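Engineer: What follows is a single structure, and I will ask about it in a moment.
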Amino acid sequence: MIKRLSLVAATLAASTLPAFAHLNPEEHGSFMAGFSHPLFGADHILVMVAVGIWAAQIAATRHDRRALFMVPAAFVGAMAIGFLLALGGIELPFVEPAILASVIALGLLVAMATRVLVNAAAAIVGVFALFHGHAHGGELGSAGALQFGIGFVIATALLHVAGMALGLGIAKLGPIAARLTGAATALAGLSLVLGG
């Protein structure tokens, strides 16, 4: 039953993705522009869902439920800092390569079911999140930063929740299911690198 529900949910999510109106952040400094922004980049979606899956894995394997809050919260917090750095004109090197590397790295962490302390996992995702946030801020232009920022923070948090739900759901299918999901994420990241 869980397999069928997961398949239906994934199919519906994939079929509705093109329906999102991706608003140009330079023209629309709005909540909806910020909210839609992470939902339109495969790299952002893959990483944010992988963060949620990894948090669920760590919570299950280390028997530390704090991971379900601390790991995604570290991503969101560091992403907000990266956003503010970009708005302040502070450059980060290799933003796009770091974002693509984050897809592969987080996919591999899930695929290998890497068991680290919650604080270490939070630090790892936080480093990658800085680059994701910087990219959001760098694409903003003259738009309203507050509304845009609130929008993408909420969308990111929802993607983390979806990843945690997916991680907790596929854990019931056995550890291999999460590992396969991580491997698929890493391969998708590699295809983004090769395709770009």
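Engineer: Restricting to region 145-154, name every residue that is surrounded by fewer than 22 Cβ atoms within 10 Å (Cβ to Cβ) and among the small types (Gly, Ala, Ser).
Structural biologist: Selection gives ALA145 alone.
Engineer: Go through region 30-48 and give me each residue that's touching a helix residue (DSSP H, G or I) at 6+ places or on another chain (Cβ under 7 Å) and open to solvent by 30 Å² or more (accessible area, probe 1.4 Å).
Structural biologist: Matches in region 30-48: SER30, PHE31, MET32, PHE35, ALA42, ILE45, LEU46.
Engineer: Something else: Can you spot a residue in region 122-141 that is charged (D, E, K, R) and under 18 Å from ILE58 (Cβ atoms)?
Structural biologist: no
Engineer: In the set LEU168, LEU140, which member is open to solvent by less than 10 Å² (accessible area, probe 1.4 Å) and either touching a strand residue (DSSP E or B) at 6+ places or on another chain (Cβ under 9 Å) or not polar (S, T, N, Q) (or both)?
Structural biologist: LEU140
Engineer: Which residues, counting only those in region 123-134, are crowded, with 23+ Cβ neighbours inside 10 Å and more than 9 Å from MET79 (Cα to Cα)?
Structural biologist: Selection gives VAL125 alone.
Engineer: Scan region 38-49 and give yes if some residue there is within 17 Å of VAL103 (Cα to Cα) and at pLDDT 95 or above, otherwise no.
Structural biologist: No: region 38-49 contains no residue that is within 17 Å of VAL103 (Cα to Cα) and at pLDDT 95 or above.
Engineer: Please specify each residue of region 72-90 satisfying the condition of being over 16 Å from the mean Cα position of the chain (by Cα) and hydrophobic (A, V, I, L, M, F, W, C).
Structural biologist: LEU84, LEU85, ALA86, LEU87, ILE90
Engineer: Would you confirm whether or not region 101-122 contains a residue that is open to solvent by 40 Å² or more (accessible area, probe 1.4 Å), touching a residue at least 40 places away in the same chain (Cβ under 8 Å) and of a type in the set (S, T, N, Q)?
Structural biologist: Yes: region 101-122 contains one or more residues that are open to solvent by 40 Å² or more (accessible area, probe 1.4 Å), touching a residue at least 40 places away in the same chain (Cβ under 8 Å) and of a type in the set (S, T, N, Q).
Engineer: If you don't mind, there's one more thing I want to ask. Quick one: GLU96 ticks every box in (1) open to solvent by 60 Å² or more (accessible area, probe 1.4 Å); (2) farther than 14 Å from GLY137 by Cα; (3) of a type in the set (D, E, K, R) except a single one, so which number is it?
Structural biologist: Among (1) open to solvent by 60 Å² or more (accessible area, probe 1.4 Å); (2) farther than 14 Å from GLY137 by Cα; (3) of a type in the set (D, E, K, R), GLU96 violates only (2).
Engineer: Here are some residues: GLY77, GLY89. Which one is modelled with pLDDT of 90 or more and at positive phi?
Structural biologist: None of the other options fit; the residue is GLY89.
Engineer: Residue by residue through region 58-72, note down the ones that are buried (at least 21 other Cβ atoms within 10 Å of the Cβ) and more than 19 Å from ALA129 (Cα to Cα).
Structural biologist: ALA59, the sole residue that qualifies.
The values are calculated or read from the model by the stated rules, or taken from the named source; none is laboratory data. The shown structure was predicted, so the numbers you read here are calculated from the model rather than taken from an experiment. All Cβ positions, even for glycine, are placed from backbone atoms using ideal geometry, and neighbour counts span all protein chains on display. With ligands, DNA and RNA removed, areas are computed over all heavy atoms of the protein, side chains included. Shrake-Rupley method; radii C 1.70, N 1.55, O 1.52, S 1.80 Å.
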